Amino acid sequence: MAEIEKILSLWEQCETAGEEAVLATVVKTQGSSYRLPGARMLITRNGLRAGSVSGGCLEDDLVKRAWWFTESGAMIRRYDTTPDGEIAAEYGLGCNGIIHVLLERIRPGDVVMDLVRETRASRSPAAIAHLLSPKEFVGSRLMIGVNGDTVQSTLADADLAAQLQTVAQTARTERASFLWSEQGGEAFVETLTPAIRLLIFGAGDDAVALANLAKHFGWEVAVYDGRAHYARPDRFPMADSVAVRHPGIISHLPLDSWTVAVTMSHSYSQDLQVLTELSATSVLTYIGALGPRKRTEQIFEEAGLVRLAESSSLHSPMGLDIGAEGPDQVALAVVSEIQAVMNRRNGGPLSKRDGSIHAREDDAPVAKGKPALLTGVCA
């Protein structure tokens, strides 16, 4: 999500200067691709860019030609990187896939960029259906706002708009992104989601490393510790907030499906209090506990936390098994595990994975006329 922050920062500069920009969005892929549909890049008049649509193979071409491509309006630029594709030899690409990139000029007050900002600020999902075909509809879209009720559409076809509204509502509810096609029409339907919010309970030296790494990925980070001499903002300059933890504080925190929590205070009494309070919540996807499994089991037994002990959200000891040693490596192990859980992945080596490296464990097969999760068809 740090990429989104960079895009929004550059867009804010454009808005302040009253300048337009070109927004490039991956909307469809076939075969292998470095980025999935939904990846974005913003390009300014003077050649500045933020974000990416590939691993660096296509960006220079888009920076050079995006403004020319969009002289007559929005368009879809197709990059065929297969061995027999029209650009493989020119770019020396080895992705062996086809990438479709929607290019459109945006001006201050652009509704898509405003919705991206609103999603992050409100911590509520939104959905956008981008029309890819018929050709005359390219650049048209229908959007479902963060409250789930507000609908904005640039579609002239009322029947198509009504159909896509239902599809976009489904995407927002299920928090999925997919390709939709029916009766000659095709759309990329995406769900915009908030950044991961990491609650760190414990403010020791290892918590500093975890907070810094999480912020590197654009996560929101809040640090809490019952010891005032630990919970100091100067120790966590990158964190969004640092506060002294008081009993009962967790019940007053804004928790949602994109919030995760870890305990790493190295204090048995503090971790017992935190885990007891976390056991009363049901919305968190990930709860991690630092330390030996026996220590956490002792806490559960003492506090009678049977439900939390049996919860799939609990990860104790937290982190992937990468042989981590020291604060920085432990932070890497924990952030990696959280990322895997939030993306519904096992966290194992890709070399041992069968099939698509992008497909998630619960992806559904592609079905004609029905939403197909893009993570399952973009290889």
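Quick look at the numbers
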read-out: Test item: Cα-centred dipole of segment 252-342, Lys/Arg +1 and Asp/Glu -1 on Cβ, debye; value: 80 debye
read-out: Within-10-Å neighbourhood charge of residue 62 [Cβ basis; K, R +1; D, E -1]; value: +1
read-out: The chain, accessible area per residue, ligands and nucleic acids excluded (1.4 Å, Å²); value: 47 Å²
read-out: Acute angle (nearest 10 degrees) that the helix 2-17 long axis makes with the longest principal axis of the chain, alpha-carbon atoms; value: 60 degrees
read-out: Summed side-chain charge close to residue 71 - residues other than residue 71 whose Cβ falls under 11 Å, Lys, Arg +1, Asp, Glu -1; value: +2
read-out: Test item: Cα-centred dipole of the chain, Lys/Arg +1 and Asp/Glu -1 on Cβ, debye; value: 100 debye
read-out: Local net charge near residue 327, Cβ-Cβ under 11 Å (Lys/Arg +1, Asp/Glu -1); value: -4
read-out: Student exercise, segment 34-80 dipole from Lys, Arg, Asp, Glu Cβ charges, in Debye to nearest 20; value: 120 debye
read-out: Residues with amide H under 5 Å from that of residue 319, placed H, sequence gap 5 or more; value: none
read-out: Phi-based couplings in Hz for segment 332-348 (Karplus 6.51, -1.76, 1.60; Gly and Pro marked x); value: 4, 5, 6, 4, 5, 5, 4, 4, 4, 5, 5, 9, 6, 10, 7, x, x
read-out: Apportionment of accessible area to carbon and sulfur, segment 194-287, percent (1.4 Å); value: 58 percent
read-out: Karplus (6.51, -1.76, 1.60) ³J(HN,Hα), θ = phi - 60°, over segment 40-55, in Hz, Gly and Pro reported as x; value: 10, 9, 10, 10, 8, 4, 8, x, 6, 9, 9, x, 7, 10, 8, x
read-out: For the chain: relative contact order, % (alpha-carbon pairs under 8 angstrom, 6 or more apart); value: 13 percent
read-out: More than 38 angstrom apart: percent of Cα pairs within the chain; value: 26 percent
read-out: ³J(HN,Hα), Karplus 6.51/-1.76/1.60, whole Hz, each residue of segment 249-263, x for Gly, Pro; value: 5, 5, 5, 9, 7, x, 9, 8, 5, 9, 9, 10, 9, 9, 10
read-out: Segment 171-308, relative contact order in percent, only Cα pairs under 8 angstrom and at least six apart counted; value: 20 percent
read-out: Under 5 Å, built H, 5+ apart or other chain: amide partners of residue 259; value: 197, 285
read-out: Viscosity 1.306 mPa s, temperature 10 °C, Stokes-Einstein D of segment 246-357 from Kirkwood C-alpha radius, µm²/s; value: 106 µm²/s
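The values are calculated or read from the model by the stated rules, or taken from the named source; none is laboratory data. In this text the structure is predicted, and so the values were computed from the model without any measurement. Cβ atoms come from the backbone with ideal geometry, glycine included; neighbour counts cover every protein chain shown. Surface areas here come from the heavy atoms of the whole protein model, side chains and all, with no ligands, DNA or RNA. Shrake-Rupley method; radii C 1.70, N 1.55, O 1.52, S 1.80 Å.
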